[in-house]
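Visitor: I have a structure I would like to understand better, so I am pasting it below and will then ask my questions one at a time.
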Amino acid sequence: MSALPAPQQAVDAPLSYAAIGATQSADLLYFPPKGFRPMEARARIGSGAERFEAASAKLMAWGVQRGAGISVGDIQLPTPTETDYVGLVFDSEGNPVAPRDTHPEQAYGEDGTPLVSPGTTAVLSIKAFGLVVKAPVRVVYLVEEPGRRGFAYGTLPGHPESGEESFVVERRQDDSVWIVIRAFSRPSTWYYRLGYPVLRIMQARATRRYLRSLSPARGL
């Protein structure tokens, strides 16, 4: 079994899959990266601008993972480079107006935790069947569009799975607010392939908890 990367090693490690950004593909469920199993789930979490802002703010503070009972630790910010590119700024109608600042000032949550930003690495600690599974990830892109906000992370060496997962809060034309989760994955090693049925159970359980994490019933 491969050892979990230390924090600095995780910062420098390559992602454990090639199809970076494929969770953005409209036809992911029909044409996933070869060898990977796709998944999409969604739940309505309210309506209105205030609800959208509150839910997306919690999402960007790792609130979906924490709300699902997952510990987020060893958060490491990326080292900026002159070749960084993080997309465009859009106006209120969704038209691109300018390049986004490649090195914006890092934002932090109320507890001092760095908010999600491109290139950030973290280690998720997932409790399952009396064990704690460590799952290192790296944020591969942000979604910052009118009515849509979120991010995706990809797996790093040491994660039980290889693949990518995105978490997006959407405010739709009927004013309803939704959380949408998309992913593609496969076991990362032969011994995790042997335990694939257990991984499927863990993933399904985590997804259900993710969908509930921004529920109004939780007082958000």
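The values are calculated or read from the model by the stated rules, or taken from the named source; none is laboratory data. Keep in mind the model is a prediction, meaning the values are calculated, not measured. Because the Cβ atoms are built from the backbone with ideal geometry, glycine has one as well, and the counts that use them run over all protein chains shown. Heavy atoms of the whole protein, side chains included, go into the accessibility calculation; ligands, DNA and RNA do not. Shrake-Rupley method; radii C 1.70, N 1.55, O 1.52, S 1.80 Å.
Visitor: Using a 1.4 angstrom probe on the protein heavy atoms only, could you order Glu170, Glu145 from most to least accessible area?
Guide: So the residues, ranked largest to smallest area, are Glu145, Glu170.
Visitor: Just how far, in whole angstrom, is the stretch 54-74 from the stretch 139-218 if you go by their alpha carbon centroids?
Guide: Comparing the Cα centres of the stretch 139-218 and the stretch 54-74, I get a distance of 12 Å.
Visitor: Moving on. Relative to the compact globular guide of 2.2 N^0.38 Å, what is the alpha carbon radius of gyration of the stretch 135-220, as a ratio?
Guide: 1.25
Visitor: Quick one: net charge around Leu199, please, counting Lys, Arg +1 and Asp, Glu -1 for every other residue with C-beta under 12 Å from its C-beta.
Guide: With Lys, Arg at +1 and Asp, Glu at -1, the net is +4.
Visitor: Give the ranking of Ile126, Ile181, Ile201 by solvent-accessible surface, highest area first, calculated with a 1.4 Å probe.
Guide: So, going from the largest accessible area down, we get Ile201, Ile126, Ile181.
Visitor: Same structure, new question: Just to check I understand the Karplus step: with θ = phi - 60° and J = 6.51 cos²θ - 1.76 cosθ + 1.60, what whole-Hz values come out for the stretch 39-45, glycine and proline as x?
Guide: These are the phi-based 3J(HN,Hα) values: 8, 9, 9, 8, 8, 6, 10 Hz.
Visitor: Among residues other than Gly163 whose Cβ falls under 15 Å from its Cβ, what is the net charge (Lys/Arg +1, Asp/Glu -1)?
Guide: Overall, the nearby charge balance is +3.
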